[in-house]
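Read the structure below first, then the notes.
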């Protein structure tokens, strides 16, 4: 269906995995892993409870069907969260020489269930690629899905360093960055950076159901950003949230307590302590958002320059071309649209030291700057 | 390679305001209005309780100092929310021929206070330009701040159509789109699309204060989007939220009730009804976010194509240039960075009918597509 994409950088000829790799579950993640490994020349065996999904993924080039005598080095279980432990246990038993990993969003539960079941966890190590928000199914799969994304490997005491290395090889072969974490640290981390934000976005978006029609025309970038991930799939998320409920609940309970304080202040906004409660809440939000690392894992803050452009790709391209030509590195970029106007607003982020020069150079070339701040 | 930017549109030579216009409050909004009107050749008189701010705004070219005998056609009050009514009342009394507007984020309170005080509200009409999230003060002002943004004009029965027209003229002269709304409709609308999302973003960001250090390295676009506006100024927002508490409280109370249901489900995630509660909450969020209008006020949904690029402005520019050359219109665009990787991920939105051709053309030119879906 598609041509092989051009290499992004020097191809990594020396692949790490020797293969074969067995991938169980031919959905978005499983088929993407298959495509990425096939590109490296690894022998990939695909399996799926759905014959239709398996046929589609095989046609798509993500791997071959299982054969008698398959003896995989590594098994990747890429199935829905609620069946991960069951499938991993079955694979451990069926392939007594293979190391087994899974790619589910929650890591403590499956390990505990496997330990309790008496499965051979000396050959199991869970992992979690931070990728794949796209629509599901093998046809959504891409070989490049994991390039540059963190891939958490959730170690535990029962598996040896040497055996676990094959999962690192997998992550590196598909272009991801290996992030070792304990299973419980991982689950706590994703409660903060993924699962709680998902529910908070959802809860805000649900309120928009009742907003009067005319009011939504005033929506700007703020509400859009807050509610963007609320478009996520209920079927998948109900499993993820259920599996990590123990970590999500304290985060959202603290949030609810803060919300109750804000609601009490809103009841009597001029009353004693109310303005202070609201100001302290907003200040706490300031401190929290400042903790998020910037681009490339740094915590650096950037200067913003807002440029007005015609709402055409050519104009935005010309802007970025010019920024490149004057030797300024773009740290981030946002496009914003104004309802009813054929105007594009491009917000570019640069290191603060380059803000002034960027503004001068842009204005010197006739670009319209709407705002700039460090 | 880089063309000079084309003019945004034909300049509007026939300005609508005759002037002079008196602007009270030389902060970001007041000074930006001054700059925009000065560009049109309107005589702008600036005033501010702070001599330093006034001097700065005058030096900046946003207008001139007041003189004896000034007889403004229109007065724009651009002061902090808590002093709007007081200043409007004073201006109405001091300039008995002028129409007075204000640009504060909440519209019902000032009008009610003016009506109660016996001020001549037949010459007052509130307004609210949906612009100016940037840092404050006259040095942050830009003549283009309002271009293409909605400017709400909050009519009421005591002012004639003819008198109110001068405020429409102001909005149109600075490049904004006029949106007529009743004051209470406006205040309810901004509770949904601005004030509640601000507090929700803040409450989530505040939780990140307690997140373990390592967890924040896993942060992706989701949590960043949800918490971006949490970086807002506490001093300004405590006034806005206090002034619109009556509209914000029911929205957040409903949200709190939903949150309590989610928390109960998280307490026993496999218990009867728990998965259903979570799934229904996420589905309600789906429905809410779908109500937000797309670009240019439409409710059209777009197809997304995710392209991998070298993390340089030149690469992104070349991509957009190519999209422009093949005649495909970019509806939206997002840049995403991967921690630790020199890879940029560009997500472009196009009308669904153009998705397939865009993917084929891009792949034909060697671009690497990470995902595409309609």
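Computed over the Cα atoms of segment A:94-206, the ratio of the radius of gyration to the Kirkwood radius (Rg/Rh) comes to 1.00.
Take the Cβ atoms of residue B:356 and residue A:157, set R0 to 56 Å, and the FRET efficiency comes out at 0.65.
When Rg and the Kirkwood radius Rh are both evaluated on Cα atoms of the protein assembly as shown, their ratio Rg/Rh stands at 1.01. Taking the DSSP bridge list for chain A and keeping only pairs wholly inside it, about 55 percent are antiparallel.
Just checking the listed ones, B:120, B:47, B:225: in the Gaussian network model of chain B with Cα springs under 10 Å, the one fluctuating most is B:225. Neighbour counts of other Cβ atoms within 10 Å put A:124, A:192, B:60 in the fewest-to-most order B:60, A:192, A:124. Averaging over all projection directions, the Cα-based convex hull of segment A:169-306 occupies 12.6 nm² in the image plane. Inter-copy label distances at residue B:353, using a point 7 Å along Cα-to-Cβ, come to 5.0 nm with the shortest given first. Placing pseudo-labels 7 Å out from each Cα toward the beta carbon at residue A:94 and residue A:117 gives an inter-label distance of 1.2 nm. Inter-copy label distances at residue A:64, shortest first and taken from points set 7 Å along Cα to Cβ: 8.7 nm.
When the helices of the protein assembly as shown are scored as -39500 (n - 2.57) per DSSP H run of n ≥ 4 and the total is divided over every residue, the value at 222 nm lands at -13000 deg cm²/dmol. Legend: ranking of residues B:187, B:71 from fewest to most surrounding C-beta atoms inside 10 Å; resulting order B:71, B:187. In nanometers and ordered shortest first, the copy-to-copy spacing of the residue A:236 label point, defined 7 Å from Cα toward Cβ, is 3.6. Once the Cβ-Cβ distance of residue B:365 and residue A:363 is raised to the sixth power relative to R0 = 51 Å, the FRET efficiency obtained is 0.95. Spatial offset of segment B:66-83 relative to segment B:219-287 amounts to 40 Å, using the alpha carbon center of each. Taking every DSSP bridge with both residues inside the protein assembly as shown, close to 55 percent are antiparallel. When every Cα-Cα distance of segment B:83-122 is counted in 5 angstrom steps from zero, the calculated P(r) takes the values 5, 26, 39, 23, 7, 0 percent.
Counting every alpha-carbon pair across chain B, the share separated by more than 29 Å comes to 55%. Which residue fluctuates the most in chain B, going by a Gaussian network model with Cα springs under 10 Å, if the choices are B:130, B:333, B:181? Highest fluctuation among the options: B:333. Computed over chain B with a Gaussian network model linking Cα atoms closer than 10 Å, the most mobile of B:126, B:41, B:273 is B:273.
Using the Cβ-Cβ distance between residue B:16 and residue B:65 with R0 set to 30 Å, the FRET efficiency from 1/(1 + (r/R0)^6) comes to roughly 0.75.
Every number in this text was worked out from the coordinates using simple rules, so none of it is lab data. Computed from a predicted model, the values in this text were never measured in an experiment. Note that we place each Cβ from the backbone using ideal geometry, even for glycine, and neighbour counts take in every protein chain shown.
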